[in-house]
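First up is the structure itself, then whatever we jot down about it.
The values are calculated or read from the model by the stated rules, or taken from the named source; none is laboratory data. Predicted model only: the values in this text are computed from it and were never measured. Here the Cβ positions follow ideal geometry from the backbone for every residue, glycine too, while neighbour counts run over all protein chains shown. Only protein heavy atoms, including side chains, enter the accessible area calculation; ligands, DNA and RNA are left aside. Shrake-Rupley method; radii C 1.70, N 1.55, O 1.52, S 1.80 Å.
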Amino acid sequence: MPEDKPDSSFFSDNNYTMADKLISKIPDGPLAEKWTKRKSEIRLVSPNNKRKLEIIVVGTGLGGASAAATLGELGYNVKVFCISDSPRRAHSIAAQGGINAAKNYQNDNDSVYRLFYDTIKGGDYRSREANVYRLAEVSAAIIDQCVAQGIPFAREYGGYLANRSFGGVQVSRTFYARGQTGQQLLLGAYASLNRQIAAGTVKSYPRHEMLDLVVINGEAKGIIARNLVTGKLERFGAHAVVIATGGYGRTYFLSTNAMNSNGSAAMQCFRKGAYFANPAFAQIHPTCIPVHGDQQCKLTLMSESLRNDGRIWVPKKMEDVMKLRKHEIKPSQIAEEDRDYYLERRYPAFGNLVPRDVASRAAKERCDAGFGVNETGLAVFLDFKDAIQRLGKQRVAERYGNLFQMYEKITATNPWEEPMMIYPAIHYTMGGIWVDYDLQTTIPGLYAIGEANFSDHGGNRLGASALMQGLADGYFILPVTIGDYLSHKFAEPKTDTSAPEFDAAEKAVQARIDKLFAIKGTEPVDAIHKKLGHIMWEHVGMARTAEGLKEGIEQIKALRKEFWKTVRVTGTQYEFNQELEKALRLEDFFDIGELMAFDALNRNESCGGHFREESKTEEGEAKRDDENYMYVAAWEYKGEGVEPELHKEPLVYENIHVATRNYKD
């Protein structure tokens, strides 16, 4: 299939280079032995030498908190940076449904290989075999670690940990703590982190935001951070830097992400030489509370776990749709034979538990066909009538009670009596900073973990795998692999923060801040961000076309120019100033949005959450182009206003058969 390139020279032939700078460090040998082999090859750092080394960890969600705690326990000197007043406010707390692990407690024939295969398939064959297998391999250890911390996982009558199913699988491997799994896991990591803070191995910097990466002689040596309370720019040096700042879904303005979530740290690393991989791969979650007004600033996720027992449907008859929109009838009044359980109809083998990208597109298709059930026509039903009849209200409440309560508080509709309304929304980003098998970026000494990197989920993440990756990276992978780099650094002195590179980085950050205050425009930051979000949703959303992506790129460029002329940043630098924080992040969101659109335009295929209208089957399903696009797209920054360069890391599958995803039989 020919590549569809924009008219500009952005995709000129000389930008298509091979992966000459991408060394993945994937070990040779059988898949199941690669991680063991790599660990045996990694050079060690003795306990007395660990005390000489400093590591910066940016971010205190599950990945950052678990990494900082583990590195501190190992004896390193860790500086951990939190954008909020406490790590407990990290967006990890919003994860509701559970965490995957190949324990096979249900005796339903689950295994490490099956978790590996489901993850590769769910990602539409656009992730590395070796990284995904390692993730599945360490998953069981995560549960053991969390149980030892006292995480209150749900249990069966006999005492075994309970499991439930999530989308894209046919086994029950998801461990959960009611609808608060992320919160409970984060509290466990937070307790471990506090232990190390008390022990003196970790120094915590709350209310600090990283605004630049400092690179000395080609290696990551520190950061420039702004104290969000005083406004002062501060310098911090270390022998290595770990980015654990999550994804960039807030580029769309409306998303399920926390308001503080942003992609700025990743973009700062990108501008300093870290490649950015697969930026177009953004996940749209099928079960979110629909948009309800122009003044809304974020969306609310309803856990995917609800699809275990809830059934998704729209009316079969258009007259019922119109009556619903006019509030002439209630959903519960529509007869069973007049309901279209479209996921069960289209995907009988998986039903309501198809992967997120599949469920989202199916909801969009029904709404585009005119069957959306709310006033805007952008909602479908998630109904628990059958589950309540089958299990009883008490059992359903034990599983989902807090989620039902949350839904009723937000919508004023009782989900025990009427079905929930849901619609897809931006939730997660599979793309991120490119990393090798050791989780190191293309900048030596710079590591990226969790959602901040690209490594495990390909074109679509399976539900309950974000928590798994964050804790796998933080507890079990990074603390091992970073030692290989640090093993020859202990003789080096502490990083001198008075070095010219720190001077230059701080001056550059100060110049950005001064430029924003000097504009003195009339338009609030959020108003401009909403415009960007609209462009992204319309042109780089669930369905993408070459024409739409080109138009989106031009609109982003035009809006960026408007931003630099009309934005108004109130207050001063030297105070708690959220308008300044948002303006700095929006500057980065423009670059992220443009990069996402360019990557989506280059990838002229449909895979996972990236759906090109030009590349679909007769039934409207995603159609991959393995011949031309079975690679990781890693973008290299070449300077402001200069086209980035595309590098390709080929994806090789030796242990699974690559096929068109099938969730029908």
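Can you list the helices (runs of 4 or more DSSP H) found entirely within segment 459-534 that contain at least 3 residues being open to solvent by 60 Å² or more (accessible area, probe 1.4 Å)?
Helices (runs of 4 or more DSSP H) meeting the threshold: 500-519.
Which residue, of 183, 170, is polar (S, T, N, Q), over 16 Å from residue 88 (Cβ atoms) and open to solvent by 10 Å² or more (accessible area, probe 1.4 Å)?
170 is the lone residue from the list that is polar (S, T, N, Q), over 16 Å from residue 88 (Cβ atoms) and open to solvent by 10 Å² or more (accessible area, probe 1.4 Å).
Among the residues of segment 631-654, is there at least one that is out of contact with any strand residue (DSSP E or B) (no Cβ under 6 Å at 6 or more places or on another chain), open to solvent by less than 10 Å² (accessible area, probe 1.4 Å) and at positive phi?
No; the residues of segment 631-654 include none that is out of contact with any strand residue (DSSP E or B) (no Cβ under 6 Å at 6 or more places or on another chain), open to solvent by less than 10 Å² (accessible area, probe 1.4 Å) and at positive phi.
Under 6 Å between Cβ atoms, at least 6 apart or on separate chains: pull out the pairs that start in segment 252-263 with a residue that is closer than 13 Å to residue 285 by Cα and end on any residue that is among the β-branched types (Val, Ile, Thr).
Close Cβ pairs (under 6 Å, with a partner that is among the β-branched types (Val, Ile, Thr)) amount to 255/426.
Can you name the residue in segment 367-376 that is touching a helix residue (DSSP H, G or I) at 6+ places or on another chain (Cβ under 6 Å) and at pLDDT 95 or above and is also farthest from residue 300 (Cα to Cα) among such residues?
Taking the candidates together, the pick is 371.
What do you reckon, is residue 286 closer than 29 Å to residue 506 by Cβ and open to solvent by less than 20 Å² (accessible area, probe 1.4 Å)?
no
Cβ-Cβ below 7 Å, separation at least six or inter-chain, first residue in segment 404-424 and more than 18 Å from residue 179 (Cβ to Cβ), second charged (D, E, K, R) and open to solvent by 30 Å² or more (accessible area, probe 1.4 Å): which pairs?
What qualifies is 418/330; 424/364.
Hey, could you check segment 271-280 for residues that are out of contact with any His (no Cβ under 6 Å at 6 or more places or on another chain) and open to solvent by less than 10 Å² (accessible area, probe 1.4 Å) and say which is farthest from residue 82 (Cα to Cα)?
278
Of all residues in segment 535-576, count the ones that are in a loop (DSSP other than H, G, I, E, B), touching a residue at least 60 places away in the same chain (Cβ under 8 Å) and open to solvent by 10 Å² or more (accessible area, probe 1.4 Å).
The number of residues fulfilling the criteria is 8.
Would you mind telling me which numbered condition in (1) farther than 24 Å from residue 87 by Cβ; (2) open to solvent by 20 Å² or more (accessible area, probe 1.4 Å); (3) among the hydrophobic types (A, V, I, L, M, F, W, C) residue 301 fails?
(1)
Identify, please: which residue in segment 578-600 is closer than 16 Å to residue 643 by Cβ and of a type in the set (D, E, K, R) and is, among those, least open to solvent (accessible area, probe 1.4 Å)?
Residue satisfying both the conditions and the ranking: 599.
Counting just the residues of segment 111-129 that are closer than 19 Å to residue 471 by Cβ and open to solvent by 10 Å² or more (accessible area, probe 1.4 Å), which one comes out farthest from the chain's Cα centre (by Cα)?
This residue is 112.
Give, as residue ranges, the helices (runs of 4 or more DSSP H) completely inside segment 304-408 that count at least 1 residues that are open to solvent by 10 Å² or more (accessible area, probe 1.4 Å) and either of a type in the set (Phe, Trp, Tyr) or touching a Pro at 6+ places or on another chain (Cβ under 8 Å) (or both).
Passing ranges, in order: 318-325, 356-366, 385-391.
Pairs under 6 Å by beta carbon, first residue closer than 12 Å to residue 79 by Cβ in segment 196-208, partner among the β-branched types (Val, Ile, Thr), six or more apart or different chains?
These pairs meet every condition: 196/202; 202/78; 202/80; 204/80; 204/197.
If I filter segment 105-112 for residues that are touching a Gly at 6+ places or on another chain (Cβ under 8 Å), among the acidic types (Asp, Glu) and in contact (Cβ under 8 Å) with a residue 60 or more places away in the chain, do I get at least one hit?
no
Condition first: among the small types (Gly, Ala, Ser), assigned to a loop (DSSP other than H, G, I, E, B) and under 26 Å from residue 365 (Cβ atoms). Now tell me which residues in segment 604-653 satisfy that.
Scanning segment 604-653 gives 606, 608, 609, 615, 620.
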